[in-house]
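Notes follow the structure.
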Amino acid sequence: MIVVLHGTTRLRAESICKRGPDPDFIEPGGGVCAEGFSTCLASGPFPLGTPQEYARRKAETFPNEGGPVILLVEVPEELIAKAVEDVCFPLSQGVIQFDEGAGLEELCTAWVPLSKQILAVEGV
Amino acid sequence: MNTTSVKLDDLRTLFASTDISVVEIVDALLQRCREHHLQFEWQGDRLRACSGGGARSDIPLRKSVFRAILARLAVLCNERTPNAVSPYGGEGVLEIGDNSLASVRVSFTNTSAEQKLELSTEIGSANAPHSPINLNGPT
């Protein structure tokens, strides 16, 4: 298993925990679907920023969603491999981008029994 | 073929590369924008690019890759000037290579509703800035 992190708000993290990533999710006030599920390796590196930063920014933008949290998920290596097969997101750079046709469907199918935790972001 | 169209062809080749990562794409992109003001915007289901001379081109790219490019630029801006930009947008300045005079102004938006990027040579750097570009016209 590989531990991946997703920075978000508590409300969204709880929803993702229960139902899995939702590519049709639309942010309040937005009009475009999320389409994919962005995560990173817990061990880093973080060339696109840390999940804590994303969580804080989302929580600032959506202050009624329970504050910033990190959703931690343990994902089987074979599912990770589906997402990183594109050379744009090599595993060595720590970015695990689940897109349609690149691991998202498989992740959603396997979601329910995967081990997950919601971690509060400290220093808020 | 003029230099602007060559530049956009070069960008198409860069984004179509099958052997470089997002981090490497951003490094290469910053090198290329030293010569031309560049604008990118996700429109519908495609990435539209425009170069300083007014030439436009659609670039085949996954939306998530473009969003990752924007996220990488945000990190670089904040490495140079802490808290200069949010992951979701802002304006920052990056120095390119060893020549501190070669600076690039980065302006971007990276939200679920809108993704766009403008790269222009910073005032006082080796290359003069160009006028803003209208991605939608004239056709």
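The values are calculated or read from the model by the stated rules, or taken from the named source; none is laboratory data. Here the structure is a predicted model, which is why all the values come from computation and not from measurement. Methodologically, a virtual Cβ is constructed for each residue, glycine included, from the backbone with ideal geometry; neighbour enumeration extends over all protein chains shown. What goes into the accessible areas is simple: the full protein's heavy atoms, side chains included, and nothing from ligands, DNA or RNA. Shrake-Rupley method; radii C 1.70, N 1.55, O 1.52, S 1.80 Å.
Some notes on this structure:
- Every residue from the range A:52-63 that is touching a Pro at 6+ places or on another chain (Cβ under 6 Å) and more than 12 Å from every other protein chain (Cβ to nearest Cβ): A:Ala59
- Taken together, the residues in the range B:33-45 that are modelled with pLDDT under 90 and within 14 Å of chain A (Cβ to nearest Cβ) amount to 2.
- Filtered residues of the range B:10-35 (kept if open to solvent by 20 Å² or more (accessible area, probe 1.4 Å), in contact with a strand residue (DSSP E or B) (Cβ under 8 Å, 6 or more places away or on another chain) and part of a helix (DSSP H, G or I)): B:Arg12, B:Arg32
- Taking the range B:47-57 as the range and being at pLDDT 90 or above and open to solvent by 10 Å² or more (accessible area, probe 1.4 Å) as the test, only B:Arg48 passes.
- From B:Cys50, B:Cys77, residue being more than 20 Å from A:Asp99 (Cβ to Cβ), more than 10 Å from chain A (Cβ to nearest Cβ) and in contact (Cβ under 8 Å) with a residue 60 or more places away in the chain: B:Cys50
- Any chance B:Val85 is modelled with pLDDT of 90 or more and within 14 Å of chain A (Cβ to nearest Cβ): yes
- The range A:10-26: number of residues that are open to solvent by less than 40 Å² (accessible area, probe 1.4 Å), in contact (Cβ under 8 Å) with a residue 60 or more places away in the chain and in a helix (DSSP H, G or I): 2
- Candidates A:Gly66, A:Gly49, A:Gly29, A:Gly7, filtered to the one that is open to solvent by 20 Å² or more (accessible area, probe 1.4 Å) and at the interface with chain B (Cβ under 10 Å from one of its Cβ atoms): A:Gly29
- Flag if B:Arg72 is of a type outside the set (Gly, Ala, Ser), open to solvent by 30 Å² or more (accessible area, probe 1.4 Å) and more than 11 Å from every other protein chain (Cβ to nearest Cβ): no
- Of all residues in the range A:32-46 being under 13 Å from the mean Cα position of the chain (by Cα) and surrounded by 16 or more Cβ atoms within 10 Å (Cβ to Cβ), the one that is farthest from the other protein chains (Cβ to nearest Cβ): A:Leu41
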